[in-house]
Amino acid sequence: QVQLSESGGGAVQAGGSLRLSCAASGRIFSINSMGWFRQATGGQRELVAVSSSGGSTNYADSVKGRFTISRDNAENTVYLQMNSLKPEDTAVYYCNGNIKYSRYLSGRDYWGQGTQVTVSS
């Protein structure tokens, strides 16, 4: 009923920038939060950044000052601007949305398919 579509991953050298986008579509009543997680090879999925419906944001310590999350509420889209990329940022990045498709139900988590980000030294 709800789909998250990501774009913007790729390969970049250390110090470079990338911008990820994620659009939510389908039956959406409201969006509680949207954010980004990442999972490196052999590692666990970890929070990168999240934006709540009230406008507050939260970042992993490892990306503070380098990454910026933003939302276009009218388009149900979330962005992640990644600057000063480091090799340790290499991972598959997943979009996450906590979305209500009915006013009568609680929000549930939806995930995108993931997009690869590779940073070379």
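The values are calculated or read from the model by the stated rules, or taken from the named source; none is laboratory data. Treat the numbers as computed from the prediction; the structure is a model and nothing was measured. Here Cβ is always computed from backbone atoms with ideal geometry, including for glycine, and neighbour counts include all displayed protein chains. Surface areas here come from the heavy atoms of the whole protein model, side chains and all, with no ligands, DNA or RNA. Shrake-Rupley method; radii C 1.70, N 1.55, O 1.52, S 1.80 Å.
Out of the residues in region 6-24 that are open to solvent by 50 Å² or more (accessible area, probe 1.4 Å) and not small (Gly, Ala, Ser), state the one that is farthest from residue 95 (Cα to Cα). Selected residue: 13. Considering the conditions (1) open to solvent by 80 Å² or more (accessible area, probe 1.4 Å); (2) of a type in the set (A, V, I, L, M, F, W, C); (3) in contact (Cβ under 8 Å) with a residue 40 or more places away in the chain, residue 119 is excluded by exactly one of them, (1).
Looking across region 25-47 at every residue that is touching a helix residue (DSSP H, G or I) at 6+ places or on another chain (Cβ under 9 Å) and open to solvent by less than 30 Å² (accessible area, probe 1.4 Å), the one that is modelled with the lowest pLDDT is identified as 31. Scanning region 26-45 for residues that are on the phi < 0 side of the Ramachandran plot and over 15 Å from the mean Cα position of the chain (by Cα) yields a total of 7.
Results for (1) at positive phi; (2) of a type in the set (Phe, Trp, Tyr), shown as yes or no for each residue.
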residue	(1), (2)
47	no, no
51	no, no
59	no, yes
75	no, no
84	yes, no
90	no, no
93	no, yes
97	no, no
120	no, no
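Name every residue in region 1-31 that is of a type outside the set (A, V, I, L, M, F, W, C) and touching a Lys or Arg at 6+ places or on another chain (Cβ under 7 Å), in order of residue number. If the condition is that a residue be of a type outside the set (A, V, I, L, M, F, W, C) and touching a Lys or Arg at 6+ places or on another chain (Cβ under 7 Å), then 1, 8, 30 are the ones that fit. In the condition set (1) farther than 15 Å from residue 115 by Cα; (2) open to solvent by 30 Å² or more (accessible area, probe 1.4 Å); (3) touching a Lys or Arg at 6+ places or on another chain (Cβ under 6 Å), residue 81 is compliant with all but (1). Answer yes or no: is there a residue in region 90-111 that is open to solvent by 60 Å² or more (accessible area, probe 1.4 Å) and within 14 Å of the chain's Cα centre (by Cα). Looking for residues that are open to solvent by 60 Å² or more (accessible area, probe 1.4 Å) and within 14 Å of the chain's Cα centre (by Cα), one finds at least one in region 90-111, hence yes.
Applying the criterion of at least 1 residues that are among the hydroxyl-bearing types (Ser, Thr, Tyr), touching a strand residue (DSSP E or B) at 6+ places or on another chain (Cβ under 7 Å) and more than 19 Å from residue 9 (Cβ to Cβ) to the strands (runs of 3 or more DSSP E) found wholly in region 27-121 leaves 30-39, 46-52, 57-59. Among residues of region 48-78 being within 13 Å of the chain's Cα centre (by Cα) and open to solvent by 60 Å² or more (accessible area, probe 1.4 Å), the one that is nearest to residue 91 (Cα to Cα) is 68.
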